[in-house]
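The values are calculated or read from the model by the stated rules, or taken from the named source; none is laboratory data. All figures in this text were calculated on a predicted structure; none of them were measured in a lab. Please note: Cβ atoms are built from the backbone with ideal geometry, for glycine as well, and neighbour counts cover all protein chains shown. Heavy atoms of the whole protein, side chains included, go into the accessibility calculation; ligands, DNA and RNA do not. Shrake-Rupley method; radii C 1.70, N 1.55, O 1.52, S 1.80 Å.
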Amino acid sequence: MKRILAAFMAIVIFFSILSINAAAEEPSAETSSDSSVLYNLQTKSFIVEKNADNEIFCGFLPRLMICVLLVESGEDLETEITVAENTRKNTPQYSSADIKDGERISLGDLMNAVLVGNSQEASVALAFHLSEDGTLESVIKKINEKAEIIGAENTVFTNVTGYYDSSNPGKTTARDVAIICSYAIELDYILDRSDITFTMLTVDGVTRPLYTRNSMIESASSYYYRRATGLGVSGDTNGGYSAASTILNNNSRFLAVNFSKTGLGYVLTDTVNLLKYALEAYEIREIVAKNAPVTEVEVRLGRDADYAVLYAENSVTASLPKSAEDEDIVLQFEDFASQITAPVEPGDSYGFAVYYYNDTEVGRTRLIARTTINLDLIAYYSDEIGNLFKNPLLWAAIIVVIILLVTYLIMSNISKSNKNKDEKIRRKNRIHGKIK
């Protein structure tokens, strides 16, 4: 009996441990970081926010902005440049890329040094290259202006290196970091290059290795998560620690951003957990299928039908919480009239069906007809005649004509009456021999 009881207790304990481990591994939106956001790039909505608008410092952000300026300049990344003489002088901390003044290196390799190796000197070299007046101040002004245009309203850059200067540190928020990152990864090159774990730089014709500084994409790291892609990691005890990474869930991309004053491990762990949460809690759902009927609309002057069914030109899919109910998705119409006029031909467009979840647009499709409805010519001409007589200008013209006609008749009668009077007078005068 004791053996049976012991075996039973062992089984209970075993399954209890399994359930505890499963609960511990279950992804959660809770973070230990000071500021956190999870952003859905498809719906352009924040689905996790923790102190999202608190002021923070993010070291990789100004370097990322320099890469944004480079890509948007349209320059060929294979172009080799000579590193400006004042590059090292304006670099507070050198990186493993070890870029030196006067060296020859391609713009693409400088971008790799920034995105893969967190190279401050590469960022300075790019900034000098992009400067129109040869100063870093003009480039700092550019990235501040660009941040404002993008929509990062609470971000101020004070340098191009991302170095924390206590006297003039610059500032941003987790929300702004997400806004800037989401803009950057829509551009060519940036996400792909930030996701590289190892590359070779060619400097003065000689190759040298460069390894990623991002532990989330480095397979040898305890923070490695194979589904994570890019994007930036930086920090120290002075400015705090920040990390941003993305994950692709079918065709929907999520971006996680975390900041902590305590340590890099907190932001890496929280970033990975938020990415896992995006996979666990969200799914791609087809809201409406291509060619599916959406609504019907009244048809005027139709010979064959009084109503036309309108169909979805394309399917609409969206990344939605798995807990979302169908009734949570709201359909609204745009550029849509409740009544249309025949003829109607297949492919004719009559506005858009727009779908919302939590007041955020998650997809839209054009509404098109799939059947032919011919024009009823008798009804058409009857309608035209009826519309003609409903035209106030026509009635105004008719009234004017009537007034003119009545006026003419009255004046004509008056004139005729006067003539008759004159004729009577002349006759009377002739009779009395007084005609002159």
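Largest to smallest in accessible area, the residues ARG427, ARG63 fall in the order ARG427, ARG63 (1.4 Å probe, all protein chains included). With 20 Å bins beginning at zero, the pair-distance distribution over Cα atoms of the chain amounts to 20, 33, 21, 13, 6, 5, 2, 0, 0 %.
At a probe radius of 1.4 Å, what is the per-residue accessible area of MET200, in Å² to the nearest 10? Rounded to the nearest 10, the figure is 80 Å².
Listed by chain and number, the lysines whose C-alpha is less than 26 Å from the C-alpha of LYS100, apart from same-chain residues fewer than 8 away, are LYS89, LYS141, LYS142.
For the set ILE425, ILE185, ILE247, the ranking by accessible area, highest first and with no ligand, DNA or RNA atoms included, is ILE425, ILE185, ILE247 under a 1.4 Å probe. In sequence order, the range 218-227 has phi-based couplings of 9, 5, 7, 8, 6, 9, 5, 9, 5, 8 Hz under the Karplus curve 6.51 cos²θ - 1.76 cosθ + 1.60, θ = phi - 60°, and Gly or Pro positions carry x.
Converting the Cα gyration tensor eigenvalues of the range 223-313 into ellipsoid dimensions via √(5λ) gives semi-axes, longest first, of 50, 13, 9 Å. The distance from the alpha carbon centre of the range 156-233 to that of the range 261-338 is 32 Å, rounded to a whole number. Amide hydrogen proximity for LEU201: with H placed 1.01 Å from N in the peptide plane, the residues at 5 or more positions away or on another chain lying under 5 Å are ARG208, LEU210.
Placing dummy labels 7 Å off each Cα toward the beta-carbon, the span from LEU279 to SER32 is 2.2 nm. The modelled label-to-label distance for the pair ASP304/THR371, using points 7 Å beyond Cα in the direction of Cβ, is 0.8 nm.
Across all Cα pairs in the range 130-182, the calculated P(r) in 10 Å bins from zero up to the longest distance comes to 25, 52, 22, 1 percent per bin. Counting only protein heavy atoms and a 1.4 Å probe, the range 167-210 has 45 square angstrom of accessible area per residue. Surface listing: PHE389, PHE128 arranged by accessible area from highest to lowest gives PHE389, PHE128, probe 1.4 Å.
Run down the aspartates and glutamates and flag those whose C-alpha is under 14 Å from the C-alpha of LYS50, throwing out any fewer than 8 positions away in its chain. Within the straight-line limit of under 14 Å, LYS50 reaches these aspartates and glutamates: GLU30, ASP34, ASP176, ASP270. Normalised size of the range 288-436, defined as Cα radius of gyration per 2.2 N^0.38 Å with N residues, equals 2.30. Relative protection proxy for 328-335, 416-423, from highest mean packing down: 328-335, 416-423 (other beta-carbon atoms within 10 angstrom). For the pair ASP328 and SER415, a Förster radius of 60 Å applied to the C-beta separation gives a FRET efficiency near 0.15, rounded to the nearest 0.05.
Annotation: amide H of ARG300 within the under-5 Å range of ILE340, THR341, ALA342, sequence separation 5 or more or interchain, hydrogens built in the peptide plane. Eigen-decomposition of the gyration tensor built on the alpha-carbon atoms of the range 244-294 gives equivalent ellipsoid semi-axes of 33, 8, 7 angstrom, largest listed first.
Each peptide among 54-60, 201-207 gets the average number of other Cβ atoms lying within 10 Å of its residues, and from highest to lowest they stand as 54-60, 201-207.
Computed from the alpha carbon atoms alone, the convex hull of the range 219-266 holds 73 Å³ per residue.
Label sites at GLU296 and GLN339, each approximated as a point 7 angstrom past Cα along Cα to Cβ, lie 1.7 nm apart. Close amide H pairs (under 5 Å, H built 1.01 Å from N) link GLY363 with TYR355, residues at least 5 positions away or on another chain.
Take every pair of alpha-carbon atoms less than 8 Å apart whose residues are at least six positions apart; their mean separation over the length of the chain yields a relative contact order of 13 percent. Computed with every protein chain present, the accessible area of TYR282 is close to 20 Å² [probe 1.4 Å].
Measuring nothing but protein heavy atoms, the accessible surface of the range 147-266 at 1.4 Å probe radius is 43 percent carbon and sulfur.
With no solvent and one point on each alpha carbon, what is the Debye value of log10 I(q)/I(0) for the range 121-245 at q = 0.14, 0.16, 0.18 Å⁻¹? At q = 0.14, 0.16, 0.18 Å⁻¹ the computed log10 ratios are -0.75, -0.99, -1.23.
Straight-line cross-link reach from LYS290 at under 14 Å between alpha-carbon atoms covers these aspartates and glutamates, not counting any fewer than eight positions away in the same chain: GLU313.
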